[in-house]
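To start, the structure itself, in structure tokens.
What follows is calculated from the coordinates using simple rules that are stated; it is not laboratory data. Note that the structure is a prediction, hence the values are computed from the model and not measured. Every residue, glycine as well, gets a Cβ built from its backbone with ideal geometry; the counts of neighbours run over all protein chains shown.
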Amino acid sequence: MKDNGRVKENIDTLKDEVLRLRQEFSNVSDNILDISRKAYKTGNKRLGHEAKRLHAELGEGLESARRIGGSGIDAVETRITQKPLLSVLIAFLIGVLAGKLMDRD
């Protein structure tokens, strides 16, 4: 009978330990979820900030390209206005050259 009491005590102790382990695993699981959520939010914020920065940088680059392209077009227009005959001759030669290149077999 003594052994039955001891066995019962050991079983009760094991049950308590299993319940305690379940609670600890639940706490660990909750902690992992919290850490994952925080990491996700932090990464999302960083990604958003980086996307905004890159968007602004791209806009600046496009605006710079527009200014450079516009000044190049202005320079060509000025050159054509200053030397129209030479411009027509160059355009004609480019057309002949392009025609020869396309006509090749």
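General observations
- When the helices of the chain are scored as -39500 (n - 2.57) per DSSP H run of n ≥ 4 and the total is divided over every residue, the value at 222 nm lands at -36000 deg cm²/dmol.
- Cα convex hull volume per residue for the stretch 2-103 (Å³): 131
- In degrees, nearest ten, helix 84-103 long axis to first principal axis of the chain (Cα): 60
- Charge dipole (Cα centre; +1 on Lys/Arg Cβ, -1 on Asp/Glu Cβ; no other charges) of the chain amounts to roughly 120 debye.
- 3J(HN,Hα) couplings calculated from phi for the stretch 44-57 with the Karplus curve 6.51 cos²θ - 1.76 cosθ + 1.60 (θ = phi - 60°) are, in sequence order, 5, 5, 4, 4, x, 5, 5, 5, 5, 4, 5, 5, 5, 5 Hz; Gly and Pro show x.
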